[in-house]
Amino acid sequence: MAKKEEYKITESAAELEEHLRDMLFIRHFEEKCNRVYREGKAGGYMHVYIGMEALAVGWMKAIRKGEDYVITAYRDHAHALLLGTPPEAVLGEIMGRKIGTAGGKGGSMHIYDPKNGFYGGWGIVGGHIPLGAGLAFAARYRGEDKVCLNFMGDGASNQGVVFETLNMASLTDLPCVFIIENNEFAMGTRLEYHAADKELWKRGLPFDIRSERIDGMDVIDMKRKATEIVEWCRKEQRPAWIEIMTYRYSGHGAADNDRQLYRTKEEEDLAWQRDPIARLKMQMIGLGYMTEEKYEAIEEELIEEVERIYEICDASPFPEPDEVYDNIYSDMKPEAGH
Ligand SMILES: Cc1ncc(C[n+]2csc(CCOP(=O)(O)OP(=O)(O)O)c2C)c(N)n1
């Protein structure tokens, strides 16, 4: 088919449909999270991934799930869902329920599921970057054939600890992919206000680290390039520093959705033209792999699925009050004198 050459697509219809379903599921899951937050059914902070879906889908399909390590910041729902964490355990955590990955005591920013290779879920900007390097170091030290995907935001990439980690990662040959989710914004600010050089991809070069910039709004290309980089890291036992160009359509956090003073409506409208879901949908229709009717049916099915997950979470108990001191490092119980 002519379109196949035009789009340079070699992937099967089934593979593309899986990409589409994964991205759509994340989008509807995140939209539900925003509503849940507004209804007061989720505490603390919450940050959603709307607009960035192709990025996580591409990278999670590039690794050996459950074997390789993944770590990220607080915008963490999509990574966990794609790694195979049960969605009830993700939404349950967000809603503070016992069925959550941290028993409901971590919340949205602290999804954690090491059984599926997911090491969080961290709230201190840039704080988890050395931890990710530590995971890669552990893999190397034990002689395991594992790679660590170490995700961070563009804002986080300015943190001093990131540069220290890059130095160590290069010196010690860590199989670690540092992935910058450049969604153009940090918190209440945008790239040109926080980064002296907007070309974040260059920051790995002084450390003799493979460094690249990739479009993160094309899921097909994202997966292909991510796969090549992950296998390169595994084989060469070297780190990589990869800037992914993406966009977040929602506010920084669920509480900031209506107060985005750092961007214009026109800019946002233009960004919607790059929407990774609409892009794949149109490509699939062009290839004859999808119809409007089928797309609508898939979307309806996924919306229902998210509602089903929500009902389960909403009917689930909160942790017991006497569990409040469980799973903490020191003995903080009042009877211990604190
Ligand atoms: C060390 C530290 N400083 C400040 C904050 C407050 N803060 C939370 S998110 C954020 C912005 C980070 O933006 P970015 O890394 O681009 O990630 P994004 O939210 O775009 O995914 C800031 C400054 C924090 N959590 N930790």
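What the Cβ-Cβ distance of residue 3 and residue 330 gives, at R0 = 56 Å and to the nearest 0.05, is a FRET efficiency of 0.35. Averaging the sequence gap over all C-alpha pairs within less than 8 Å and six or more residues apart, then dividing by the number of residues, gives the chain a relative contact order of 22 percent. Per-residue packing, averaged as other Cβ atoms within 10 Å, sorts the ranges 274-286, 133-145 into the order 274-286, 133-145, beginning with the highest. Calculated [222 nm] ellipticity per residue, helices only, for the chain: -13500 deg cm²/dmol; basis is -39500 (n - 2.57) per DSSP H run with n ≥ 4, divided by all residues, nearest 500. Which distance in Å, rounded to a whole number, links the C-alpha centroids of region 191-230 and region 113-176? Cα centroid to Cα centroid, the span is 16 Å. Here are some pairs, 32/202; 202/225; 61/281; 8/294; 32/225; which of them have Cα atoms lying more than 27 Å apart in this structure? In this structure, 32/202; 32/225 exceed 27 Å between Cα atoms.
Extension gain for the segment residue 142 to residue 305, taken as residue separation times 0.36 nm less the Cα-Cα distance, is 54.6 nm to one decimal.
Each value in this text was obtained by applying a stated rule to the coordinates, not by laboratory testing. As the structure is a prediction and not an experimental result, all values here were calculated from the model. In this analysis, Cβ positions are derived from the backbone assuming ideal geometry, glycine residues included, and neighbour counts consider all displayed protein chains.
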